[in-house]
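The values are calculated or read from the model by the stated rules, or taken from the named source; none is laboratory data. Bear in mind the structure is a predicted one, so any value in this text is a computation, not a measurement. For neighbour counting, all protein chains shown are included, and Cβ atoms are generated from backbone atoms with ideal geometry for every residue, glycine included. Accessible surface areas use protein heavy atoms only, side chains included; no ligands, DNA or RNA. Shrake-Rupley method; radii C 1.70, N 1.55, O 1.52, S 1.80 Å.
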Amino acid sequence: MKINDYKNSINRDKIHFGFTLVEMLVTLSIIVIMSSILIVYSRNGEKVGQLNRATERLSFDVRRMASMSMQTKQFKDSSGNLHDVCGWGIYFGDPGSNSYIIFSDFCETGQDKGNLMFEREETQETITFGKSVKIADSTIKSLVYVPPEPKLYLISQGSLQIDRGEIVLSGVGNNKTIEITNSGNFIIR
């Protein structure tokens, strides 16, 4: 009798250790919901991260142009021609672009100053933002640092020299505004 009681108690215990189908479905649905929320937040975080990286990269490149304008006197282009460099700048072009161009402002023939305008042969590097980042709006078409101080010149979309301007970078649902003054200060908001 004791052996049968022991076997019956083992069988009853096995029944109590299992999960029902309803319990498993509820657990699985909770896991699926939590995973989908995590995926959505991580994708939004990635887009915000791309916008922040683009803003920091642009800020870094503006400072780099100031440094380059104090260091470089001549530059050899892709065809081997030597040019006198009178400044370094960034060309933003028209709003809606997802890139900007770093350029060296070549000196005008027989002069020791450049024209403060971007020309295709002056292109040094093209910086492309992340997939979801673009220039939403810009009052600045280009900015050029001229040695020896270096002095910053801001050129508006209408090709006029201005004292301050803004560049608005846009990600999906987010914007960052970079305000730049002709003294080289900028505010990121």
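A few notes on this one:
- The strands (runs of 3 or more DSSP E) falling completely within the range 90-160 that include 1 or more residues that are within 18 Å of Arg57 (Cβ to Cβ) and open to solvent by less than 40 Å² (accessible area, probe 1.4 Å) map to 99-106, 123-128, 134-138, 140-146.
- Extreme residue, nearest to Leu116 (Cα to Cα), among residues of the range 152-189 that are free of Cβ contacts under 8 Å to residues at least 24 places away in the same chain and among the basic types (Lys, Arg): Arg164
- Qualifying residues in the range 123-144 (those that are at pLDDT below 90 and not polar (S, T, N, Q)) - the one farthest from Ile101 (Cα to Cα): Lys131
- Residue in the range 1-8 that is more than 31 Å from the chain's Cα centre (by Cα), assigned to a helix (DSSP H, G or I) and modelled with pLDDT of 80 or more present: no
- Candidate set: the range 67-104, residues that are hydroxyl-bearing (Ser, Thr, Tyr) and over 27 Å from Ile167 (Cβ atoms); chosen: the one nearest to the chain's Cα centre (by Cα): Ser78
- Among the residues examined, Gly171 qualifies as at pLDDT below 95 and either buried (at least 21 other Cβ atoms within 10 Å of the Cβ) or closer than 18 Å to Thr55 by Cα (or both).
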